[in-house]
Amino acid sequence: MTGRIVVAGASMGGLRAAEQLRAAGWSGAITMVGDEPHMPYNRPPLSKEVLAGKAPFESLAFTPKAAAADVEWRLGTRAVAARLAERTVTLDDGSTLPYDGLVIATGMRPRRLGCPGPLTGRHTVRTLADAQGLRDALTRPGVRVVVVGAGFIGCEVAATAVGLGVREVTVVDPLPLPMVGPLGEQLGRALLKRHEERRVRFVLGTGVAGFEGDPGAPPSGGGGRVTGVVLSDGTVLPADVVVESVGSVANVEWLEGNGLDLSDGVLTDGQLRVGGRPEVVAVGDVARFPNARYDGVPRRVEHWSIPTDTAKHAAKALVAHLTGAQAELAPFAPLPTFWSDQHEFRLQSFGAPVLGKDDVRILDGDLDGDVLVGYHAGGLLVGVVALGGQAAAMGAARYRAQLLKQPALTA
Amino acid sequence: MKVVVDMNKCQDHGQCVFAAPDVFSMDDEGHLVYVSDADDTLRDEVEEAADVCPLQAIRIEA
Ligand SMILES: Cc1cc2nc3c(=O)[nH]c(=O)nc-3n(C[C@H](O)[C@H](O)[C@H](O)COP(=O)(O)OP(=O)(O)OC[C@H]3O[C@@H](n4cnc5c(N)ncnc54)[C@H](O)[C@@H]3O)c2cc1C
Ligand code: SF4
């Protein structure tokens, strides 16, 4: 087999794609382009074990499968442009890579707050370097921490900071409850209570208007070190460390100029193909795909299970096209799953709770203890979330089979 | 095939149990138990389990 598949983005999605291309029978060249200097590593521990100092950085690296041993790695190299009509990708070293197949796996980067104020002391958590920098900041004695954004990463960071002994940890969010967007009100309230009982302070229903810095430093333009967070009602929360966990932005700029829908990640069809081109597929966080299990509306899913699921399907579709095989693949229909560890409790989710937030039922336990919550749409169970200890998480798993065999939801 | 789980890493997520129920299971306390000398016919299952382990704690040796 001759020809080359270029994989852009050398993280979990890219690695799994390379492995699955081999598993699907591709024996041509695979070139992996990644702008981080590292081999692919596991991100979830960055806001948990790594930040807590319980996992050394070296423990995060994925072990690539033997079948992917001959992949050519171009690390520390960024894809800056693509010409899909000519089948080329341009790299930041000025070189141009021609390809027969292209896998888009460039993932997300943290969204930053645009409001004015100093930049030093403000952190995000996406990369190893981010987690290392934040850990250094959190372990300085007496620091006061403000986390902006009460989503999963913000709540994990707040919990880890308390666990590290940080005495003042405050989470700010314009929404009324933590994690309410994906999980709904009941669990949002239960999570708020648990965090507050463990010394995390919340300022909810309030946005951030800006940041205060060292006197003497220029008031704007990024000079100086942050000393406080200015809320939209004018209150100032003193802060030595600010963590911005306000969502993420897709790394798709390099794909511009090809007539693709890049409005939220990169739009794919039900086989993860991009722009009607069978030789281009997308995997992982960046892929906005319709899930045949649900309503067929294309969505991005930032769960750890998705890079592997998308890679398996996309690799089959791509290799079938490149080898001229007439494989009719069933449409992509993964069962999303995610977990989140905060303090000593775990959230474990199967399915798509976000689609069933208007019909939430307690399936087992109660919201003050271990609890299992069911999310329904049109009377059908579409997601379950467990909150509590390991037994609760395993309770959710018992509904997994039911979620898997349910008929597809229609819009 | 020899299956090794790094029990220092494992946090009893149980994802491996869905992928390879013949090899991995949970005991009554919710802790992982597994067959370390699994039959070679189960290789695909075990590879899948290794892929989906959130802590990347599962290794296949030979
Ligand atoms: C702190 C944190 C905690 C998380 N915790 C959980 C959790 O508990 N549970 C859960 O289910 N999920 C969790 N997730 C989500 C999960 O880690 C992601 O879904 C997963 O990492 C997505 O992998 P990916 O390969 O699609 O994207 P990414 O990991 O974002 O990889 C994209 C790669 O492409 C590179 N890149 C970008 N642009 C270019 C370019 N132009 N050229 C070359 N390379 C480029 C990037 O630098 C990056 O290395 C967490 C994520 C983070 C950040
Ligand atoms: S999936 Fe990994 S962490 Fe979970 S029980 Fe299995 S080996 Fe342990």
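The table below lists the values:
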read-out	value
Computed E for residue A:67/residue A:235 - FRET, C-beta separation, R0 41 angstrom, nearest 0.05	0.15
Average beta-carbon neighbours from other chains, 10 Å sphere, peptide B:4-14	3
Dipole of the stretch A:112-246, positive direction: furthest Cα of A:137, A:238, A:176, with charges on the beta-carbon	A:137
Relative contact order (%) - criterion: Cα under 8 Å, at least six apart; region: the stretch A:1-109	37 percent
Long-range HN-HN contacts of residue A:247 with modeled amide H, under 5 Å	A:111
Semi-axes of the equivalent ellipsoid for the protein assembly as shown, Cα gyration tensor, largest first, Å	35, 29, 22
Cα-centred dipole magnitude for the stretch A:179-309, charges only on beta-carbon of K, R (+1) and D, E (-1), debye, nearest 20	480 debye
For chain A: accessible area per residue (Å², 1.4 Å)	40 Å²
Area hidden from solvent between A and B (accessible, protein heavy atoms only, 1.4 Å, total, Å²)	1500 Å²
Difference of contour (0.36 nm per residue) and Cα-Cα distance, residue A:90 to residue A:391	103.4 nm
Residue A:27-residue B:29 FRET efficiency (beta carbon distance; Förster radius 56 Å; 0.05 resolution)	0.75
Amide H contacts of residue A:144 (H built 1.01 Å from N, under 5 Å, at least 5 apart or other chain)	A:240, A:241
Choice from A:103, A:266, A:360 showing the highest fluctuation, given a GNM over chain A with Cα pairs closer than 10 Å	A:360
GNM result for chain A, Cα springs below 10 Å: residue of A:164, A:372, A:335 fluctuating most strongly	A:164
Exposed GluC sites (Glu not before Pro) absent - longest run of chain A, DSSP non-H/G/I/E/B, at most 11 other C-beta within 10 Å	A:87-255
Between the stretch A:171-208 and the stretch A:103-135, the alpha-carbon center distance in angstrom	22 Å
Other-chain or far-sequence residues with amide H under 5 Å of residue A:213's (modelled H)	A:227
Total lysine pairs whose alpha carbons fall under 22 Å of each other in chain A (8 or more apart, or interchain)	6
Threshold 30 Å², the stretch A:301-333 residues less accessible with all protein chains present than alone (1.4 Å probe)	A:304, A:312
Surface share of carbon and sulfur [accessible, 1.4 angstrom probe, percent] for the stretch A:344-405	49 percent
Under Karplus coefficients 6.51, -1.76 and 1.60, residue-wise ³J(HN,Hα) of the stretch A:356-362 in Hz, glycine/proline x	x, 5, 8, 9, 9, 10, 6
Portion, in percent, of the accessible area of the stretch B:2-61 that falls on carbon or sulfur, probe 1.4 Å	44 percent
For A:36-43, mean number of other protein chain Cβ atoms within 10 Å	1
Selected from A:305, A:27, A:263 as most flexible by GNM, with chain A as the system and alpha-carbon contacts under 10 Å	A:263
Shielding by partners - mean other protein chain Cβ count within 10 Å, residues of A:15-23	1
Percentage relative contact order, the stretch A:344-405, counting C-alpha pairs under 8 Å, at least six apart	37 percent
Residues residue A:380 and residue B:44, FRET efficiency given R0 of 45 Å [Cβ-Cβ distance, rounded to 0.05]	0.90
Surface share of carbon and sulfur [accessible, 1.4 angstrom probe, percent] for the stretch A:1-159	53 percent
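The values are calculated or read from the model by the stated rules, or taken from the named source; none is laboratory data. Model, not experiment: these values are computed from the prediction. Positions of Cβ are generated from backbone atoms using ideal geometry, with glycine treated the same way; all protein chains shown enter the neighbour counts. SASA here: full protein model, heavy atoms, side chains in, ligands and nucleic acids out. Shrake-Rupley method; radii C 1.70, N 1.55, O 1.52, S 1.80 Å.
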